[in-house]
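Written out below as structure tokens is the structure these notes cover.
The values are calculated or read from the model by the stated rules, or taken from the named source; none is laboratory data. The structure displayed is predicted, hence computed values, not measured ones. With ideal geometry, Cβ positions are generated from the backbone for all residues, glycine too; neighbour counts draw on all protein chains shown.
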Amino acid sequence: MQRFISVRLFCSVLLFVGGRLPADPVADYLQAQMAEHRIPGLALTVLRHGERIRTLTYGWADVEQQVPVRPETVFEIGSLTKQFTAAGILLLVQDHQLSVDDRINLYLPDPPPSWSAITIRHLLTHGSGIRSYTGLTGFELTRHLTQTQFIAALRDLPLDFVPGTAYAYCNSGYSLLGYIIENVSGTNYWSFMRTRIFQPLEMHATTDRLPRTIIPHRAHGYEQTNRVWINRDYDLTDIFAAGAIVSTLGDLARWSVALDGEQLLSATSKTAMWTAGANTKARATQYGFGWSLDRVAGHRVIGHGGSTSGFSASHQRFPDDDLVVIVLTNTDEQIATTLARKVATFYFQE
């Protein structure tokens with residue numbers, strides 16, 4: 001049964017450490033946003049030149065038990081998962097096991113004929129035309145669809161457009177990329193991620209969000225109804241390689257630092273990952289492989305937001321400023337990218 005949270009308890013979120021938040025522009029901004037948007041808990045880290053120069057944690061990881069957010073708190077990161085899935089594909093490219101321009105029917109069991117022209121690149125850049133399972137029934141986590149069942153659930157849906165001619169954000173495509181990683185590597189997606197990315201980068205808290213798994217320091221997710229907090233809806237969509245990772249500030253900082261060098265991905269792979277795709281109508285998508293490409297106050301940004309039921313996260317990289325801002329929250333409002341990009345502006349002049 002869902003339990004409702006009082007306004008009095010919300011007020012305590014911003015004061016739980018026994019005093020007001022630090023009087024500085026970043027903290028003042030975050031305090032105001034937490035109050036205005038009723039964010040239960042928030043964790044932020046800022047990196048400059050690969051070093052963490054600021055880490056702030058506010059509010060509750062668990063409102064009912066009044067457990068505060070700490071740097072080691074584990075949050076769902078939603079579509080930030082796509083960065084890792086894209087990296088997994090590029091690792092297989094580096095291993096000479098596939099090409100991003102290969103057609104996906106080479107690597108998937110019994111794909112429908114309508115998918116015959118779709119390439120891995122189309123999946124990476126949301127140009128496949130495959131219908132996203134977001135909002136569709138039959139993809140709940142409790143169903144535990146196999147790869148074959150997942151493809152069967154999509155096969156009779158018509159494509160939204162001819163592959164490569166348009167852009168439409170598609171979680172289905174990234175789940176299919178997860179299956180391609182499994183089929184090419186011969187191992188489970190999560191085992192591949194642990195072996196090739198998480199363990200080498202010492203991302204020890206980063207894993208699958210499965211509700212049945214005991215994950216130390218896991219934050220609870222919250223939604224709002226009439227500005228009252230409620231426990232999030234646990235009738236979850238199985239988002240797999242499109243959004244099922246949980247992580248921490250520290251682990252995501254290690255991931256970001258690794259992207260500054262070639263410990264994991266080569267310069268060629270990163271160039272491909274951070275280059276905007278284009279469709280056959282010559283329209284740039286402003287989306288690479290698992291990353292959005294944009295500008296904030298005239299500054300180039302490579303980033304992505306992520307949201308799941310009760311969580312909002314963001315990882316924003318400003319390459320010309322050698323600046324990274326990561327924000328993790330346990331609110332259902334998709335606000336983390338707004339917060340991260342605004343925080344970045346406080347560091348642009350330094």
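Annotations
- Within the stretch 206-218, the set of residues being more than 16 Å from the chain's Cα centre (by Cα), within 22 Å of S256 (Cα to Cα) and not charged (D, E, K, R) comprises just one member, H217.
- Scope the stretch 210-222; condition at pLDDT 95 or above and either in contact with a Leu (Cβ under 9 Å, 6 or more places away or on another chain) or not in a strand (DSSP E or B) (or both); matching residues: I214, I215, P216, H217, A219, H220, G221
- The residue of the stretch 232-283 that is farthest from the chain's Cα centre (by Cα), among those that are among the polar types (S, T, N, Q) and part of a helix (DSSP H, G or I), is T268.
- Boolean, M203 is within 19 Å of the chain's Cα centre (by Cα), at pLDDT 95 or above and more than 28 Å from A61 (Cβ to Cβ): no
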